[in-house]
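Asks: To start, I am sharing the structure in question, which I have written as structure tokens.
The values are calculated or read from the model by the stated rules, or taken from the named source; none is laboratory data. As the structure is a computational prediction, the values presented were derived from the model and not from experiment. Backbone-built Cβ (ideal geometry, glycine too); neighbour counts: all protein chains shown.
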Amino acid sequence: MQFYIAKNGNQAGPFSLAQISAQVSAGTLGINDLAWAEGMPSWVTVAEILRQPGLPPAGAPPALQDKPKTGVGLFSLIIAVLGIPIWFTILVIAAAGARNHADSHSNLMMMVGLALFAMGAVNLVGAVLGIVAVVDKSRRTVPAILGLIGNGLEVLAIALLTIIGLSAK
């Protein structure tokens, strides 16, 4: 739709709605200036034509989008909490195998090794998720920090246990 504008007694146009909106934003056209289009019974203010359905009010900034809540920090904490009993179980199985003199090529010790590797990888992912959540300033920073600390401690513990195990041979 094309509009004509009346400003300070002078008529100009036709203009598209986008052009009128741009002129209002630029300050060259006021919202109290008059506008008319073919088929309209009378002149109306520019503000009225800019208030048509689907258009924001003239000069209003777009609505801010809320930052979506992320579960990254909470997921990091869940990984850390679930890791504690899993690590404990793996270590008990490894100790039982060592007490029974299972060699490093037995099925039990190979499964323990795979479990150690898998849990180490999961804890590294949990630590990275905690870092991402803290850096991203997630709204759930407490779980993110706790998850980061828990996963970090579990990764350090497995590194120390690996060093101890290698030096014991």
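Asks: In the stretch 111-166, how many residues are among the hydroxyl-bearing types (Ser, Thr, Tyr) and crowded, with 16+ Cβ neighbours inside 10 Å? Talk me through it step by step, then tell me what you get.
Replies: First, the residues of the stretch 111-166 that are among the hydroxyl-bearing types (Ser, Thr, Tyr): 138, 141, 162.
Filter again for crowded, with 16+ Cβ neighbours inside 10 Å, leaving 138.
Summing the residues that are among the hydroxyl-bearing types (Ser, Thr, Tyr) and crowded, with 16+ Cβ neighbours inside 10 Å in the stretch 111-166 gives 1.
Asks: Being under 17 Å from the mean Cα position of the chain (by Cα), of a type in the set (A, V, I, L, M, F, W, C) and in a helix (DSSP H, G or I), is that true of even one residue in the stretch 113-126? Quick ask: steps written out before the conclusion?
Replies: We begin by selecting, within the stretch 113-126, every residue under 17 Å from the mean Cα position of the chain (by Cα); these are 125-126.
From what's left, of a type in the set (A, V, I, L, M, F, W, C): 125.
Cutting the leftovers down to in a helix (DSSP H, G or I) gives us 125.
Yes - at least one qualifying residue is present in the stretch 113-126.
Asks: Next up: Return yes when Val125 is at pLDDT 80 or above, on the phi < 0 side of the Ramachandran plot and of a type in the set (A, V, I, L, M) and no when it is not. First the steps, then the outcome.
Replies: Values: at pLDDT 80 or above: yes; on the phi < 0 side of the Ramachandran plot: yes; of a type in the set (A, V, I, L, M): yes.
Against the criterion (at pLDDT 80 or above, on the phi < 0 side of the Ramachandran plot and of a type in the set (A, V, I, L, M)), Val125 qualifies.
Asks: When you go through Asn123, Asn100 one by one, which is the residue that is in contact (Cβ under 8 Å) with a residue 40 or more places away in the chain and in the same structural domain as Gly147 (by TED's automatic domain parsing)?
Replies: Working: Asn100 fails: in contact (Cβ under 8 Å) with a residue 40 or more places away in the chain.
Just one listed residue meets the conditions, Asn123.
Asks: Within the stretch 24-40, track down each residue that is over 14 Å from Asn10 (Cβ atoms), in contact (Cβ under 8 Å) with a residue 24 or more places away in the chain and not in a loop (DSSP other than H, G, I, E, B). Walk me through it before giving the result.
Replies: Our first condition is that a residue be over 14 Å from Asn10 (Cβ atoms); within the stretch 24-40, this holds for 24-27, 31-32, 37-40.
Keeping just the survivors that are in contact (Cβ under 8 Å) with a residue 24 or more places away in the chain gives 24-25, 31, 37-38.
Those that are over 14 Å from Asn10 (Cβ atoms), in contact (Cβ under 8 Å) with a residue 24 or more places away in the chain and not in a loop (DSSP other than H, G, I, E, B): Val24, Ser25.
Asks: Which members of the stretch 46-62 meet the condition of being at pLDDT 85 or above and surrounded by fewer than 15 Cβ atoms within 10 Å (Cβ to Cβ)?
Replies: The one that is at pLDDT 85 or above and surrounded by fewer than 15 Cβ atoms within 10 Å (Cβ to Cβ): Glu48.
Asks: Further, regarding this structure: How many residues does the stretch 1-22 contain that are in contact (Cβ under 8 Å) with a residue 12 or more places away in the chain and under 40 Å from the mean Cα position of the chain (by Cα)?
Replies: Qualifying residue count, the stretch 1-22: 4.
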